[in-house]
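**Q** Mind having a look at this structure? Questions to follow.
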There are 2 protein chains.
Amino acid sequence: MTRPSSPWRVPPGDRARQHELKRDAVILTAARAFRERGYHNTSLDDIAAALHVTKPTLYYYVSNKEQMLFACFEEGLARLTVACDEARAAGASGRERLVALVHRYALAITSDFGWCMVRAEDQDLSPAMGARIKALKSGIDQEIRALIRAGIADGSIAVRDPKMAAFALAGALNWISHWYRDDASLSAGAIAERFVDLFVNGLAPRTRQAPSGKST
Amino acid sequence: MTRPSSPWRVPPGDRARQHELKRDAVILTAARAFRERGYHNTSLDDIAAALHVTKPTLYYYVSNKEQMLFACFEEGLARLTVACDEARAAGASGRERLVALVHRYALAITSDFGWCMVRAEDQDLSPAMGARIKALKSGIDQEIRALIRAGIADGSIAVRDPKMAAFALAGALNWISHWYRDDASLSAGAIAERFVDLFVNGLAPRTRQAPSGKST
DNA sequence: TAGGAATTCTACCAGCCGGTAACATCGCCA
DNA sequence: TGGCGATGTTACCGGCTGGTAGAATTCCTA
């Protein structure tokens, strides 16, 4: 019974570490399957098969299917949270920090867990887990708004409604996960660059260049 | 269209008209249920109960559940298509037409069918129907890109990558359906207004106002 | 008022899939 | 080497839900 599975054969280490690695492999495989076929169209047997394992084995690492989705959710949102933290200490002005966030956000959203953050329904989770996810999402939103407000305060951003601006920005970024699987012709960094160009300068031509500074 | 509370009691008319109205009621009720609980979390019994009817009755108007989702999809996308057509003849410059599109788009996306357009997975549909949906969606995307290119041509828009700009704009608009149910503090028109402000002028302060002109 | 078509209901089925029990195997350690 | 926890498997269950058969009822028309 040799198992030629890729993510399952983890390097040696103590038992606890092995267990942790295998659990991660389960979550990652689940995330990829969900992304490809959707949560409800993915059976636990599918995930198990992708790992060359049987269904009950999954239950040794995860308590149920719902928890898998939750873990994917959490993993993806954790990356976004890290992105926010990094961005907050990235630049001088509010706008520079926001630009930094866009770059990191794009990177996170194109990851395997991007789908789970964006497309998964909170309704598929228990009220408790749904509430937790909602709180995490709201935290990201508040972070974006804070950056925008900071930019307004220091004069690097001029926008009427920070909340709507945050929604628009997050929407554009989240939406990447919808089309990126089919059209990955651009890297996350390149996408972020284009988005920054659009969001910073706007659609209307600028007669005189505002104190913008070039994007790298 | 029909009364929200009890759409089943339709005004008299000939048989064919009655049938059509009731079918519309089924689709609308399905759209609302899908929006509220998600496609997979909504059973046909749920939809039937909402109409004070039993499940087999639904099958008298719709061939199966998948077709319901498809009909919702189509209905929503039809509105977007209309929005595109109207926008194309709305203003003088490409930018004005694009602004008009944003307003109509926001209206469509906040409708009952907005969810189906955006959140429903093509994977829940048969390959044939999925392909049709994909084609319709692609048409909308091309329409947006065309407006942007027209704006570039007539000088009312300055943007480096029309394709990415279209993705960003569509993403921001589509994303409305994610948060609008929980936070409907703004009307679709007000949202569109804010979005236009952001997308046209950008985040960076404009020293001298570009030839933008009116904001209603 | 009879008859037929349109409409809706009761009753039911079958398959999928999440989840579990109980047994088999692996691998470390005394 | 024997034993024991950690892993993993086979075999199974049961409920939910999409879908259907066929009877019942309503409604128009003659």
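The values are calculated or read from the model by the stated rules, or taken from the named source; none is laboratory data. Since the structure is predicted, the reported quantities are computational estimates derived from the model, not experimental observations. With ideal geometry, Cβ positions are generated from the backbone for all residues, glycine too; neighbour counts draw on all protein chains shown. The accessibility values were calculated without ligands, DNA or RNA, using every heavy atom of the protein model including side chains. Shrake-Rupley method; radii C 1.70, N 1.55, O 1.52, S 1.80 Å.
**Q** Excluding residues on the same chain fewer than 8 positions from B:K55, give the lysines whose Cα lies under 22 Å from its Cα.
**A** Within the straight-line limit of under 22 Å, B:K55 reaches these lysines: B:K22, B:K65.
**Q** Right, another one. What number, in percent, do you get for the relative contact order of chain B if the mean sequence gap of Cα pairs under 8 Å and at least 6 apart is divided by its residue count?
**A** Once divided by the residue count of chain B, the mean separation gives 19 percent.
**Q** How large, in percent, is the carbon and sulfur part of the accessible surface of segment B:28-85 at a probe radius of 1.4 Å?
**A** 51
**Q** Turning to a different aspect of this structure: Please list, or write none, the aspartates and glutamates whose alpha carbon is within less than 15 Å of the alpha carbon of A:K163, excluding same-chain residues fewer than 8 places away.
**A** Cα-Cα hits under 15 Å: A:D141, A:E143, B:D182, B:D183, B:E193, B:D197.
**Q** With every protein chain in place, what's the accessible area of B:E143 (1.4 Å probe, Å², nearest 10)?
**A** Only protein atoms counted, so the area is about 50 Å².
**Q** Given Cβ point charges of +1 (Lys, Arg) and -1 (Asp, Glu) and nothing else, what value in debye, to the nearest 20, does the dipole of chain B about its Cα centre take?
**A** Charge dipole, chain B, about its Cα centre: 320 debye, nearest 20.
**Q** Now for a separate question. Over the heavy atoms of A:K134, what accessible area does a 1.4 Å probe trace out, to the nearest 10 Å²?
**A** Only protein atoms counted, so the area is about 110 Å².
**Q** For B:N64, place a label point 7 Å out from Cα along the Cα→Cβ vector, do the same in each other copy, and report the separations in nm, one decimal, smallest first.
**A** 2.9
**Q** Another question about this same structure. Taking the Cα centre as origin and putting +1 on Lys and Arg beta-carbons and -1 on Asp and Glu beta-carbons, what dipole magnitude results for the protein assembly as shown, to the nearest 20 debye?
**A** Computed charge dipole of the protein assembly as shown: roughly 560 debye.
**Q** Here's a follow-up. Enter the buried accessible area of the B/A pair, total of both sides, probe 1.4 Å, in Å² rounded to the nearest 100.
**A** 4700
**Q** List, largest first, the extents of the alpha carbons of chain A along their principal axes, each in whole Å.
**A** Over chain A, Cα extents along the principal axes are 70, 36, 34 Å.
**Q** Looking at the P(r) of segment B:15-62, how many percent of alpha-carbon pairs lie beyond 16 Å?
**A** Distances greater than 16 Å cover 33 percent of the Cα pairs.
**Q** In percent, what relative contact order does segment A:15-62 have, based on Cα pairs under 8 Å that are 6 or more apart in sequence?
**A** Here the relative contact order equals 38 percent.
**Q** Shape of segment B:83-163 from its Cα gyration tensor (a ≥ b ≥ c, root eigenvalues): rounded if a/c is under 1.5, otherwise prolate when a/b > b/c, or oblate? Please list the in-between numbers first.
**A** On the way: a/c = 2.84, a/b = 1.84, b/c = 1.54.
Note, shape of segment B:83-163 comes out prolate.
**Q** Oh, and also: Quick one: if the Förster radius is 30 Å, what FRET efficiency do A:E86 and B:N64 give, using the C-beta to C-beta distance and rounding to 0.05?
**A** For R0 = 30 Å, the calculated efficiency reads 0.05.
**Q** Additional query: Given a Förster distance of 51 angstrom, what is the FRET efficiency for B:T207 paired with A:A16, based on the Cβ-Cβ distance and rounded to 0.05?
**A** Details: r = 60 Å, r/R0 = 1.17.
Working from the Cβ atoms, E equals 0.30.
**Q** Please sort by residue number the trypsin sites (Lys or Arg not before Pro) in segment A:9-82 whose DSSP state is loop and whose Cβ has at most 15 other Cβ atoms within 10 Å.
**A** The qualifying sites are A:R9.
**Q** A further question on this structure: For chain A, which cysteines have no second Cys with its Cβ under 4.7 Å from theirs?
**A** A:C84, each lacking another Cys Cβ under 4.7 Å.
**Q** Over chain A, give the accessible area per residue in Å² for a 1.4 Å probe, as an integer.
**A** 46
**Q** Continuing with the same structure: Can you work out the FRET efficiency for the pair B:S185 and A:T57, with r the C-beta to C-beta distance and R0 = 60 Å, to the nearest 0.05? Display every interim value, and only then the final one.
**A** On the way: r = 48 Å, r/R0 = 0.79.
After rounding, the FRET efficiency stands at 0.80.
**Q** Counting each DSSP H run of 4 or more residues in chain A as -39500 (n - 2.57), what helix-only mean residue ellipticity at 222 nm follows after dividing by all residues, to the nearest 500 deg cm²/dmol?
**A** -22000 deg cm²/dmol
**Q** Dimensions of the protein assembly as shown along principal axes (Cα, Å, largest first)?
**A** 76, 68, 34
**Q** Any idea what the B:R17 label distances to the other copies are, label 7 Å down the Cα→Cβ vector, nm, shortest first?
**A** When each copy's label point is compared with this one, the spacings are 7.7 nm.
**Q** Let me ask something else about it. Picking from A:V102, A:A153, A:L173, whose Cα lies most toward the positive end of the charge dipole for segment A:66-201 (charges on Cβ: Lys, Arg +1; Asp, Glu -1)?
**A** My answer, from the dipole projection, is A:A153.
**Q** Put the label 7 Å from Cα along Cα→Cβ for A:V82; what are its distances to the other copies, in nanometres, shortest first?
**A** Spacings between copies for this position, smallest first, are 4.7 nm.
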